[in-house]
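Student: The structure that follows is given in the form of structure tokens.
The values are calculated or read from the model by the stated rules, or taken from the named source; none is laboratory data. Given the structure is predicted, the values throughout are model-derived calculations rather than measurements. Using ideal geometry, Cβ is built from the backbone for each residue, glycine included, and neighbour counts are taken over all protein chains shown.
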Amino acid sequence: MKKQIILASLLMVSMNHAMADLAEAPVKHLYVPNGFDSNDSVEVVVTGTFPNPCYSRNTVSVDLKGDQIAIEITAIRRDTKAACPEMQVPFKEVVSLGNLQGGTYDVVVNNKLNDSLIVSEASSNSIDDHLYAGIDQLEKKGLNEYLLKGWRYSNCVDLDRVEVVTNGKDTLSVLPVMKQLSTFCPMKMMPVTYAVTLDFKTLKTKEPLVHVRTMDGKSFNTILTLEGQK
């Protein structure tokens with residue numbers, strides 16, 4: 001009986017692979033934030049558009065050789081009996097590159113998108129030069145006025161300042177830097193809201209990425225549409 005179950009499972013896996021086609025994901029834009037150093041977990045953001053809902057993301061691989069970073073994002077197309085609606089499906093992939101040594105890197109995605117990444121040498125050996133707030137939402141309040149919303153995990157830290165770094169092209173990096181108030185840090189989840197001004201005049205796109213560094217070493221990323229903004 002067990003052999004029959006195993007054979008049936010292998011047959012189902014084989015059939016699933018036969019009903020799906022693997023291909024490179026149709027990537028459209030590569031966003032490379034500024035402000036990383038060699039203590040950070042470096043991230044870039046890739047966007048694209050699937051031709052219909054029968055496509056979905058499959059895998060992401062990163063190959064680092066010297067100062068060359070090759071990213072491959074694949075897609076899977078499901079062979080389904082149901083018809084696929086003729087509609088475009090945008091996707092966003094936050095790609096973690098891990099800790100990198102200081103320097104300039106050439107980033108290539110699916111042999112189609114290319115940009116340079118600059119990583120500074122850290123000023124200390126700590127995990128990060130700063131603690132950041134736990135942000136998971138960005139809310140628009142005015143022309144260039146926004147609210148960072150998230151959580152403060154203990155009352156032993158509080159906001160020190162919010163820094164905004166532009167890459168001069170398509171990305172604003174927001175760094176909500178926290179300061180430590182005491183060494184005793186009992187966990188206490190407290191909602192927080194911090195105001196920030198974002199100057200999009202430094203960018204050359206109407207679809208900028210706002211890349212917010214967060215306390216867990218990662219980031220919150222959202223792409224805005226500035227068309228029609230007064």
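Student: If you check Thr47 against the conditions, is it free of Cβ contacts under 8 Å to residues at least 40 places away in the same chain and either of a type in the set (Lys, Arg) or under 18 Å from Ser173 (Cβ atoms) (or both)?
Tutor: Criteria not met by Thr47.
Student: In the list Leu148, Leu143, which residue meets the criterion of being not hydroxyl-bearing (Ser, Thr, Tyr) and not in a loop (DSSP other than H, G, I, E, B)? Full working, then the answer.
Tutor: Values: Leu143 fails: not in a loop (DSSP other than H, G, I, E, B).
Criteria check complete, one pass: Leu148.
Student: Filter the range 95-119 down to residues that are outside any loop (DSSP other than H, G, I, E, B) and farther than 18 Å from Lys169 by Cβ and give me whichever is nearest to the chain's Cα centre (by Cα).
Tutor: Ser96
Student: Among the candidates Val164, Val192, which residue alone is aliphatic (A, V, I, L, M), in a strand (DSSP E or B), within 21 Å of the chain's Cα centre (by Cα) and assigned by TED's automatic domain parsing to the domain that holds Thr205?
Tutor: On the way: Val192 fails: within 21 Å of the chain's Cα centre (by Cα).
One residue alone meets the criteria, Val164.
Student: Please indicate, with yes or no, whether at least one residue in the range 46-60 is surrounded by 12 or more Cβ atoms within 10 Å (Cβ to Cβ), at pLDDT 95 or above, touching an Asp or Glu at 6+ places or on another chain (Cβ under 7 Å) and not aliphatic (A, V, I, L, M).
Tutor: Scanning the range 46-60 turns up no residue that is surrounded by 12 or more Cβ atoms within 10 Å (Cβ to Cβ), at pLDDT 95 or above, touching an Asp or Glu at 6+ places or on another chain (Cβ under 7 Å) and not aliphatic (A, V, I, L, M).
Student: Is it the case that Ser219 is small (Gly, Ala, Ser) and farther than 27 Å from Val32 by Cα?
Tutor: Answer is no for this residue.
Student: Here is a follow-up. Evaluate the range 87-104: report whether one residue or more is of a type in the set (Asp, Glu), farther than 28 Å from Ala195 by Cβ and surrounded by fewer than 12 Cβ atoms within 10 Å (Cβ to Cβ).
Tutor: Taking every residue of the range 87-104 in turn, none turns out to be of a type in the set (Asp, Glu), farther than 28 Å from Ala195 by Cβ and surrounded by fewer than 12 Cβ atoms within 10 Å (Cβ to Cβ).
Student: Same structure again: All but one of (1) within 18 Å of the chain's Cα centre (by Cα); (2) modelled with pLDDT of 95 or more hold for Leu64, so report the exception by its number.
Tutor: (1)
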